[in-house]
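Colleague: Below is a structure I'd like to ask you about.
The values are calculated or read from the model by the stated rules, or taken from the named source; none is laboratory data. For clarity, every value in this text was computed on a predicted model and none was experimentally measured. Note: ideal-geometry Cβ built from the backbone for every residue, glycine included; neighbour counts use all protein chains shown. Side chains included, ligands, DNA and RNA excluded: accessible areas come from the protein's heavy atoms. Shrake-Rupley method; radii C 1.70, N 1.55, O 1.52, S 1.80 Å.
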Amino acid sequence: MRSCSAPGKMILFGEHAVVFGKPALAMAVDLRVKASVNVSDQYSVNGHPMRARHHAYISAALDEAWDGPPLSVTTKSSIPSGSGLGSSAAVTVSTIGAILAERGQFDAERVARKAFEVEYLVQRRASPTDTSASTHGSGILVSPDRLDGFLWRIEKGTQEWNIHHCDVRKLTFVVGYTGVHAPTGPLVQKVKEFVESDAEGRKAIDRIGEIVMDGADAVAQADKPRLGALMRENHSLLCELGVGHPSIDKLIESCSEMCYGEKITGAGGGGSIIALTDAPKDVSEAISAVGGRPIIVRVGGSGVLVERQ
Ligand code: PMV
């Protein structure tokens with residue numbers, strides 16, 4: 001049996017703009033998925049016969065990385081699904097990691113590449129941000145240019161993304177899930193239509209790109225007031241792009257007095273916010289009081305790991 005674990009992620013800056021070739025900054029969070037694979041007499045997932053429809057990521061991961069005898073796959077997750085914390089990326093990365101370890105071919109870059117292919121296939125995922133953040137851990141800067149700290153490059157069609165290591169000091173955030181499930185694909189499409197038809201949209205995307213680069217510096221220095229201000233500006237720009245939602249406003253209003261900054265994380269339209277604060281318990285209570293689901297996360301931990309049996 002081979003087991004691998006991989007973390008969830010949090011996008012700090014640059015969601016949506018990354019789809020237009022701008023940089024983005026994402027960090028691993030301290031919630032993980034563990035996947036184990038075992039040669040067996042039939043394909044199964046958590047004790048049930050594997051079905052491509054029900055086990056889309058795992059079944060696509062096997063297609064992508066395995067051509068041996070049937071495998072039984074078991075997964076254990078501490079990442080709430082649908083919370084914007086990258087649970088599907090972590091399932092994909094940990095499963096691919098375990099398969100490659102079983103084949104004696106475990107290598108982070110190979111995991112990141114194959115995991116992106118799987119998410120692209122299942123979700124038409126627009127960028128490799130989630131899968132590379134889960135694979136590398138710490139923080140990653142996704143950029144059109146090759147910069148210091150280069151890890152690997154991922155290509156799809158005419159697009160390419162350079163993935164870089166980003167130093168992350170220990171910081172605590174509160175993630176607030178609105179409870180409003182908002183699939184990423186339609187939101188990416190909505191932003192695309194706006195940006196292609198409106199100069200204000202293109203300006204917002206350009207400014208987000210600048211915020212990401214400033215933000216990478218502020219993260220490395222753990223400069224919380226600067227980070228907070230950049231988060232608020234990035235949030236306003238995301239709202240201009242049309243991915244705000246009343247459920248997001250409600251959570252932000254409940255806690256902003258106790259925070260350095262707060263913003264949408266991920267696709268928006270519902271989904272989750274992140275808040276940077278020195279008072280995570282108080283912020284969690286405020287978010288709960290208005291009906292949100294808070295999760296306190298620490299960022300910057302390990303990426304994909306082969307677990308000892
Ligand atoms: O769906 P999430 O929370 O992983 O975030 C989507 C981020 C986008 O930039 C909107 C899309 C992408 O694939 O990068």
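Colleague: Can you tell me which of (1) open to solvent by less than 10 Å² (accessible area, probe 1.4 Å); (2) away from the ligand (no atom under 12 Å from the Cβ); (3) within 24 Å of F20 (Cβ to Cβ) is the one A98 doesn't meet?
Modeller: With (1) open to solvent by less than 10 Å² (accessible area, probe 1.4 Å); (2) away from the ligand (no atom under 12 Å from the Cβ); (3) within 24 Å of F20 (Cβ to Cβ) applied to A98, the lone miss is (3).
Colleague: Another question, then. Within region 215-232, take every residue that is charged (D, E, K, R) and touching a Lys or Arg at 6+ places or on another chain (Cβ under 9 Å) and give me the one that is farthest from V168 (Cα to Cα). Give the steps one after another, and end with the answer.
Modeller: Quick first cut of region 215-232, residues charged (D, E, K, R) only: 217, 223-224, 226, 232.
Of the ones still in play, those that are also touching a Lys or Arg at 6+ places or on another chain (Cβ under 9 Å) are 217, 232.
On the way: D217: 10, R232: 20 Å.
Ranking the qualifying residues of region 215-232, first place goes to R232.
Colleague: State whether one or more residues within region 75-85 are away from the ligand (no atom under 16 Å from the Cβ), farther than 16 Å from S302 by Cα and either in contact (Cβ under 8 Å) with a residue 12 or more places away in the chain or not assigned by TED's automatic domain parsing to the domain that holds K156 (or both). Give the derivation first.
Modeller: Within region 75-85, the first condition is being away from the ligand (no atom under 16 Å from the Cβ), and the residues that meet it are 75-76, 78.
If we keep only those that are farther than 16 Å from S302 by Cα too, we end up with 75-76.
Within this subset, residues satisfying the condition of being either in contact (Cβ under 8 Å) with a residue 12 or more places away in the chain or not assigned by TED's automatic domain parsing to the domain that holds K156 (or both) are 75-76.
Yes, the conditions are met somewhere in region 75-85.
Colleague: Can you spot a residue in region 259-279 that is in a helix (DSSP H, G or I) and either touching a His at 6+ places or on another chain (Cβ under 6 Å) or open to solvent by 60 Å² or more (accessible area, probe 1.4 Å) (or both)? I'd like the intermediate steps shown before the answer.
Modeller: Residues of region 259-279 that are in a helix (DSSP H, G or I), as a first pass: none.
Among the residues of region 259-279, not one is in a helix (DSSP H, G or I) and either touching a His at 6+ places or on another chain (Cβ under 6 Å) or open to solvent by 60 Å² or more (accessible area, probe 1.4 Å) (or both), which makes the answer no.
Every residue, every condition in (1) of a type in the set (K, R); (2) under 18 Å from A6 (Cα atoms); (3) in contact (Cβ under 8 Å) with a residue 40 or more places away in the chain, yes or no:
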position	(1), (2), (3)
F106	no, yes, yes
A112	no, yes, yes
E119	no, yes, yes
S127	no, no, yes
V142	no, no, yes
R146	yes, no, no
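Colleague: Still on this structure, I have one more. Taking strands (runs of 3 or more DSSP E) that do not extend beyond region 1-102, which have at least 2 residues that are of a type in the set (D, E, K, R)? Break it down stepwise before answering.
Modeller: Numbers: elements: 2-13, 24-39, 71-77.
Strands (runs of 3 or more DSSP E) meeting the threshold: 2-13, 24-39.
Colleague: Ok, one more. Quick one: how many residues across region 234-273 are touching a residue at least 40 places away in the same chain (Cβ under 8 Å) and within 14 Å of the ligand (Cβ to nearest atom)?
Modeller: The total comes to 17.
Colleague: Taking T135, is it away from the ligand (no atom under 13 Å from the Cβ) and either assigned by TED's automatic domain parsing to the domain that holds S59 or open to solvent by 40 Å² or more (accessible area, probe 1.4 Å) (or both)? Spell out the reasoning first.
Modeller: Details: away from the ligand (no atom under 13 Å from the Cβ): yes; either assigned by TED's automatic domain parsing to the domain that holds S59 or open to solvent by 40 Å² or more (accessible area, probe 1.4 Å) (or both): yes.
It is true that T135 is away from the ligand (no atom under 13 Å from the Cβ) and either assigned by TED's automatic domain parsing to the domain that holds S59 or open to solvent by 40 Å² or more (accessible area, probe 1.4 Å) (or both).
Colleague: Where residues in region 111-140 are part of a helix (DSSP H, G or I) and hydroxyl-bearing (S, T, Y), which of them is farthest from the chain's Cα centre (by Cα)?
Modeller: The initial filter retains those residues of region 111-140 that are part of a helix (DSSP H, G or I), namely 111-123, 129-136.
Those still in the list that are hydroxyl-bearing (S, T, Y) too: 120, 129, 131-132, 134-135.
On the way: Y120: 14, T129: 6, T131: 7, S132: 9, S134: 7, T135: 11 Å.
Filtering first and then ranking leaves Y120.
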